[in-house]
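Colleague: Mind having a look at this structure? Questions to follow.
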Amino acid sequence: MKEYEILDVHAVEVLDSRGIPTLDVTVTLKDGVTGSISVPSGLSGKRHEAYELRDGDKRHYGNGVEQAVTNVNTRIADKIIGMNVLEQVKIDRLLVKADGTDNKRKYGANAILGVSLACARAAANAMGIPLYRYIGGTNTKRLPIPMVNMLNGGKYTDNIMDIQEFMIVPVGADCFSHGLDMCCEIFHSLKGLLKDNKFSLGIGEEGGFTPDIASASDAFDILLEAVEKSGYRPGDDICFAIDVAASQLYDDNTELYYFPGESYMCGKEIYRNAEEMVQYYEDIVNRYPVCSIEDGLGDDDIKGWKLLTYRLGDRIQLVGDALFATNTEKITEGIDNNIANAVIIKPGQIGTLTETLEAVEFSKCAGYKPIISHRYGETEDSFIADLAVAVNSGHIKAGAPCRSDRVAKYNRLLKIEEELGKDSEY
């Protein structure tokens, strides 16, 4: 195997889509070829995920990543300079071993991930092939169906929508570009309808609109209207998907799921137990063309997840994000408990490309569908677009067709589709 020796590894602190620091890492090879990655950021404090190292001082309210930058430029660089960049597995395993913790808290998962992905990009550049081809090999030809964000709610928005994401899925498109066209048209139709109904046209962190729509029914109704106004058929051309982020609704004191927005609109407190949550979803699926529900129950509510999977697992996609955290051990627990049937894949949740690919392969072997996903704090980097094609993922979540940090992924997929030409599949 031809040697592509790593000459230098260098990180700098940059900003993510929220104005919060993250890392940009560049790997330089001996022949001068480089590969860079801007690391996306997750939400702080999420359980079961690899640890994002933050400085914890006054600067950026504790969110600086200068320690992580230093770790890349000294400790990590010292270990991998001189290695062959093509040996991705060897590099990643060395980084995990050198960190030595169960969640990469010593060096920081953000530092380790930046180096891991930058190595892959440098290797692809050195070989003169697209990143998706380098990662996936010769059988990379499938473009993912986008799950496109339309409405944002939940804990991290200022509106009263309890559900975190309402998405549309262009199941009736004949290719990726056609599906994206459909979603963009519906997005602009939705914007007009919201304006006509005197709703706010503000957008959330993932690019979707953030109106004060309390009930799921009202949200689905206006999405139906937007789909039909754009000339498409709900259920045939377009299906709906939701990310409930139910762990954020769970009340530890009552051991129930609390819906603050719905409570505000109804004038009474709305709580649901796990069985009532499942019935809530069944009613939604019976009334609307919903094909996917993500994090419908809390990540510790295994009994509830079993019931949800039993009642709806044969009808729709039931996706685990916080439930699985791109971790093969957590996915194994899900398989053993027969819960969910799809897995959100985020490299930042686990920390290296090798572990990400292992999670994808493990999911597929168990019959669980992998969905490549962006993070809450994104950058303009389009790595996940190449990753989705590399692993022949059926779906990708990259946000709304709004905000350059989200659109960059869709634009990269459009270019990949053109490169593949008639060989591409959808």
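Colleague: Considering the Cα trace of segment 257-345, what is its radius of gyration and what is Dmax, both in angstroms?
Modeller: Rg then Dmax for segment 257-345, in Å: 13.6, 43.
Colleague: Here is a further query. In whole Å, how far is the Cα centre of segment 1-26 from that of segment 219-267?
Modeller: Answer, in whole Å: 38.
Colleague: Still on this structure: Taking only the alpha-carbon atoms of segment 19-65, what semi-axes of the equivalent ellipsoid follow from 5 times the gyration tensor eigenvalues under a square root, in whole Å, largest first?
Modeller: The answer is 27, 14, 8 Å, longest axis first.
Colleague: When DSSP beta bridges are limited to those with both residues in segment 158-280, what percentage is antiparallel, rounded to the nearest 5? Intermediate results must be reported in sequence, preceding the final value.
Modeller: On the way: 10 of 11 bridges.
Just about 90 percent of them are antiparallel.
Colleague: Counting pairs of Cα atoms in segment 258-405, how many percent are more than 28 Å apart? Mind dumping the intermediate values first?
Modeller: On the way: 2746 of 10878 pairs.
Of all Cα-Cα pairs in segment 258-405, 25 percent lie more than 28 Å apart.
Colleague: Cα-based Rg (one decimal) and Dmax (whole number) for segment 123-212, in Å?
Modeller: In order Rg, Dmax, the Cα atoms of segment 123-212 give 17.6, 54 Å.
Colleague: A further question on this structure: Which percentage, to the nearest 5, of the DSSP beta bridges contained in the chain is antiparallel?
Modeller: Bridges in the chain are about 60 percent antiparallel.
Colleague: Right, next: Which of the three applies to segment 1-160, rounded, prolate or oblate, going by the alpha-carbon gyration tensor with a ≥ b ≥ c and a/c under 1.5 meaning rounded?
Modeller: oblate
Colleague: Averaged per residue, what accessible area in Å² does segment 220-259 show with a 1.4 Å probe, protein chains only?
Modeller: Heavy-atom accessible area per residue stands at 44 Å².
Colleague: Considering only protein heavy atoms and a probe of 1.4 Å, how much of the accessible area of the chain is carbon and sulfur, as a whole percent?
Modeller: The C+S portion of the solvent-accessible surface of the chain is 47 percent.
Colleague: Then there's this: Given (i) 22.0; (ii) 29.3; (iii) 22.7 as candidate values of Kirkwood radius over Cα pairs in Å, which corresponds to the one derived from the coordinates?
Modeller: Computing Kirkwood radius over Cα pairs in Å and matching it to (i) 22.0; (ii) 29.3; (iii) 22.7 gives (i).
Colleague: Let me ask something additional. Project the alpha carbons of segment 214-320 onto their principal axes and report the range along each, largest first, in whole Å.
Modeller: Result for segment 214-320: principal-axis Cα extents of 47, 34, 18 Å.
Colleague: Could you do me a favour and compute the accessible area per residue for segment 290-426, 1.4 Å probe, result in Å²?
Modeller: 34
Colleague: Still on this model: Grab the DSSP H runs of the chain that are 4 residues or longer, score each as -39,500 (n - 2.57), total them, divide by all residues and round the 222 nm result to the nearest 500 deg cm²/dmol.
Modeller: Mean residue ellipticity, 222 nm, calculated: -12000 deg cm²/dmol.
Colleague: Of all beta bridges DSSP finds with both residues in segment 281-426, what is the antiparallel percent, to the nearest 5? Please report the intermediate quantities before stating the final value.
Modeller: Numbers: 0 of 12 bridges.
Percent antiparallel among DSSP bridges in segment 281-426 is about 0.
Colleague: For the peptides 259-268, 297-306, what is the packing order when you average, over each peptide's residues, the other Cβ atoms within 10 Å and list the highest mean first?
Modeller: 297-306, 259-268
Colleague: Could you grab the Rg to Rh ratio for segment 1-95? Cα atoms only, Kirkwood for Rh.
Modeller: When Rh is taken as the Kirkwood radius, the ratio is 1.02.
The values are calculated or read from the model by the stated rules, or taken from the named source; none is laboratory data. Note that the structure is a prediction, hence the values are computed from the model and not measured. Here the Cβ is made from the backbone with ideal geometry for all residues, glycine too, and neighbour counts use every protein chain on show. Heavy atoms of the whole protein, side chains included, go into the accessibility calculation; ligands, DNA and RNA do not. Shrake-Rupley method; radii C 1.70, N 1.55, O 1.52, S 1.80 Å.
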